[in-house]
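Data first, discussion second: the structure below is written as structure tokens.
Just so it is clear, none of the values below were taken in a lab; they were calculated from the coordinates. Computed from a predicted structure; not experimentally measured. Because the Cβ atoms are built from the backbone with ideal geometry, glycine has one as well, and the counts that use them run over all protein chains shown.
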Amino acid sequence: MAKFAAESPRLWLQPLSLDHLEDFHAIMTDATGLKFSKPSPNIDDTKSLLQKWTPSPEKPWIDNYAIILRSNSHDEVKVKMIGTVGTVRVPQGLEDAAEVAYGIHSDFWGQGYASEALGMFVALYCADGRERLQGKKHLVAKIDPENPASERVVQKVGFEKGETVDGGYTRGGDEAGRDKSEYVWWVLKRS
Ligand SMILES: CC(C)(COP(=O)(O)OP(=O)(O)OC[C@H]1O[C@@H](n2cnc3c(N)ncnc32)[C@H](O)[C@@H]1OP(=O)(O)O)[C@@H](O)C(=O)NCCC(=O)NCCS
């Protein structure tokens with residue numbers, strides 16, 4: 001596995017790769033966590049998504065990390081991937097920005113891990129990530145207004161509320177028939 005790109009006392013960020021397939025599949029099939037994201041129907045689809053989200057020379061704006069819970073024991077080989085964080089696309093109409101996405105397995109919600117990991121990612125981006133992302137000036141997050149936990153995560157890291165876009169977002173696990181909902185762009189501007 002590749003080296004860790006960033007660390008905090010509780011977490012490591014490790015460049016996302018096919019080595020993470022098994023844990024990533026557990027996250028992408030976590031029923032509790034999939035109200036706002038699309039569930040993966042099978043391991044092949046998870047693998048395709050993982051490949052899509054893995055950095056490549058053709059898509060330099062993809063800068064994506066596995067969030068790894070550090071072991072409390074001295075044997076730090078025993079680690080657990082609990083989520084992902086990073087940039088996954090250039091949003092249409094916002095060509096000077098890269099879009100961040102993040103998710104944590106529901107077994108680990110409510111312990112500050114998403115905010116901590118996004119903060120670590122933003123620090124990487126401010127250090128040298130902008131060069132890797134070929135000059136993308138801003139980070140943006142597309143957030144469903146019915147996902148207050150996610151709003152809170154970006155707020156804590158310094159993003160500001162931007163434009164609301166009506167009807168352009170498909171809510172992943174929505175079974176109520178509202179397959180298109182509005183979303184809000186949250187923006188972290190850097191000069
Ligand atoms: C959104 C998500 C990443 C949050 O992960 P997490 O590790 O639990 O987040 P954190 O613990 O860092 O922070 C959550 C914050 O939201 C708050 N929160 C949680 N549920 C809330 C609710 N229903 N209403 C208001 N605030 C809420 C928490 O209190 C916390 O804020 P605080 O630190 O000020 O108390 C996680 O729920 C998830 O993976 N959801 C599914 C995927 C997803 O929605 N991704 C985002 C798509 S852009």
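Per-structure values
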| quantity | calculated |
| --- | --- |
| Nitroxide proxy distance, nm - points 7 Å out along Cα→Cβ at Ala31 and Lys3 | 4.3 nm |
| Cut-off under 5 Å, modelled amide H: who pairs with Ala5 long-range | Leu13, Gln14 |
| FRET E, pair Ser181, Leu18, Förster distance 35 Å, beta-carbon r, rounded to 0.05 | 0.60 |
| Added length on full extension, which subtracts the Cα-Cα distance from 0.36 nm per residue, Leu49 to Lys80 | 9.2 nm |
| Anisotropy class of region 6-188 from Cα gyration tensor, a/c 1.5 cut | rounded |
| Charge dipole (region 6-188, unit charges on Cβ, about Cα centre) - positive-most of Tyr125, Pro57, Asn42 | Tyr125 |
| Inter-label distance for Arg89 and Cys126, nm, one decimal - labels placed 7 Å from Cα along Cα-to-Cβ | 2.8 nm |
| Subset of Lys35/Lys156; Lys80/Lys161; Lys80/Lys137; Lys136/Lys156; Lys59/Lys189 violating a 24 Å alpha-carbon distance limit | Lys80/Lys161; Lys80/Lys137 |
| Within region 6-188: Cβ-based charge dipole about Cα centre, in debye rounded to nearest 20 (Lys, Arg +1; Asp, Glu -1) | 200 debye |
| FRET efficiency, Glu146 to Ser56 (Cβ-Cβ, R0 30 Å, nearest 0.05) | 0.35 |
| Proximal charge balance of Arg89 [Cβ under 10 Å; K/R count +1, D/E count -1] | +2 |
| Contour minus Cα-Cα distance for Glu160 and Ala101 (0.36 nm per residue) | 19.7 nm |
